[in-house]
Amino acid sequence: MPETSRRHLLLGGAAVSAGALLTACTSNEPKNQAPAASAAPAPGADDKPGTPVTIGFAGPQADHGWLNAINDNAQQRAKKYPDVTLEITEGSNETAAQIGQVQTLINKKVDVLVILPADGKALTQVGLQAMKAGIPVVNLDRVFASPQAYRCWIGGDNYGMGLNAGRFIGEQLKDKPNATVIELAGMDSLELTKQRTQGFDDALRNYPNIRKVARQAADFTVESGQAKMAQLLQAQPTFDALWNHDDDQGVGALRAIAQAGRKDFLMVGGAGAKSAMDAIKADDGVLKATVLYPPTMAASAIDLARALAQNKGIGGMAELEIPASITLYSAVVTKENVDEYLPTGFS
């Protein structure tokens, strides 16, 4: 998995100092008074070798292209740093097994933990256990039930993903009277699926000419995507646009669309698989865009964990500490910008 080219978390961006902000304001102080001192710059993390750090990484089983990319991103980023040793677990979708794996890392006394829980609520207690043991936790994507269970959360924006998918479709269809759309969702048992649907619905409310006429929930697999898409196509002989929550299940959805010989609508995918980006670039089918849910967040989580263990902040920010929460942006990839995002596409 290629690393992201943007070091926007720890290395990119220009800092706006407190002193610069002060000079932009009109002062009521006498002109002969000495200027206020600027805040000392925070020690930002960088690529230079520092204190050796052991990072424990625990995620769910990589039974999905996106989850596999999460593991790849974490491993490749850790290899960048000669001062980082990565202890990575096998990964499991069973709550008890993942709890045991995290407890093993706690017992090994790793310096910091990065945890992508299979179930955030169920793993909250083990996150609390790590924090109480003095091991800071970077909670990756699926959030724990208590903020006391982690020092920093970093993840995608599920609501924003749906919102941006809806906005893109809305702009494509805004001049079409009585336009109709359908939705191929993920797993309705997951809160993230509900958030993506809510964002999509909220965006469509800005386009009174567009109506959502059907929705099916699949299971983030190729097989379920194909089966559920076939049902939607049979039930909806005509519609103008489809939003599919996940590019992996989108592979199956595209098979069903090809088998039905349908080309009369546009499709927007989700997550940012390389296969989806390749299809968008080719521009010879219904798939016209995908909304990112970047697995590069795992690389950024390694950056954050290293900075935590070395008592550093984020380069380009004045604060001495890393933030408590970082939400990534769900960019829309189209044929106009696909070359920029292709290096982050996952298989």
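The values are calculated or read from the model by the stated rules, or taken from the named source; none is laboratory data. Everything numeric here is computed off the predicted structure, so don't read it as measured data. Cβ atoms come from the backbone with ideal geometry, glycine included; neighbour counts cover every protein chain shown. Calculation scope for accessible area: heavy atoms of the full protein, side chains included, ligands and nucleic acids excluded. Shrake-Rupley method; radii C 1.70, N 1.55, O 1.52, S 1.80 Å.
Is segment 53-133 rounded, prolate or oblate when judged by the Cα gyration tensor, a ≥ b ≥ c being the square roots of its eigenvalues, rounded requiring a/c under 1.5 and prolate requiring a/b larger than b/c?
Working: a/c = 2.22, a/b = 1.09, b/c = 2.03.
Verdict is oblate for segment 53-133.
With every protein chain kept in place and ligands, DNA and RNA left out, what is the accessible area per residue of the chain? Probe 1.4 Å, answer in Å². Walk me through the numbers on the way to the answer.
Details: 16160 Å² over 347 residues.
Accessible surface, normalised per residue, equals 47 Å².
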### Task
Report, in degrees rounded to the nearest 10, the 0 to 90 angle that the Cα long axis of helix 247-260 makes with the longest principal axis of the chain.
10
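Given a 1.4 Å probe and heavy atoms of the protein chains only, how would you sort Y207, Y293, largest accessible area at the top?
Numbers: Y207 30, Y293 10 Å².
Descending accessible area places them as Y207, Y293.
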### Message
I'd like the FRET efficiency for D83 and A214, computed as 1/(1 + (r/R0)^6) with the beta carbon distance as r and R0 of 51 Å, rounded to 0.05.
### Response
0.45
### Summary
Two pseudo-spin positions, 7 Å from Cα along C-beta at N107 and at Q75, lie apart in nanometres by 2.5
### Task
Pull out a ≥ b ≥ c, the square roots of the eigenvalues of the alpha-carbon gyration tensor of segment 195-298, then state rounded if a/c is under 1.5, prolate if not and a/b is larger than b/c, and oblate in the remaining case.
rounded
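So between A62 and E321, what do we pick up on full extension, going 0.36 nm a residue minus the alpha carbon distance?
90.1 nm
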## Note on the structure
Partner lysines whose C-alpha sits under 18 Å from that of K281, ignoring same-chain residues fewer than 8 away, are K263, K335
### Query
Mind checking which lysines have their C-alpha under 28 Å from K48, skipping anything on the same chain fewer than 8 residues away?
K79, K80, K108, K109, K312
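Indicate the gyration tensor shape class of segment 287-347 (rounded, prolate or oblate), computed on the Cα atoms with a ≥ b ≥ c the square roots of the eigenvalues: a/c under 1.5 is rounded; otherwise a/b larger than b/c is prolate and the rest oblate. Could you put the intermediate results ahead of the total?
Numbers: a/c = 3.11, a/b = 2.50, b/c = 1.25.
It comes out prolate by the Cα gyration axes.
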### Message
Students often get this wrong, so try it: which of (1) 20.6, 63; (2) 22.6, 80; (3) 20.0, 58 is Rg and Dmax of the Cα atoms in Å as calculated from the structure shown?
### Response
(2)
### Message
Could you tell me the relative contact order of segment 109-198? Use alpha-carbon pairs under 8 Å, at least six residues apart, and round to a whole percent.
### Response
23
### Task
Give me the angle, in degrees from 0 to 90, between the Cα long axis of helix 65-80 and the longest principal axis of the Cα atoms of the chain, rounded to the nearest 10.
30
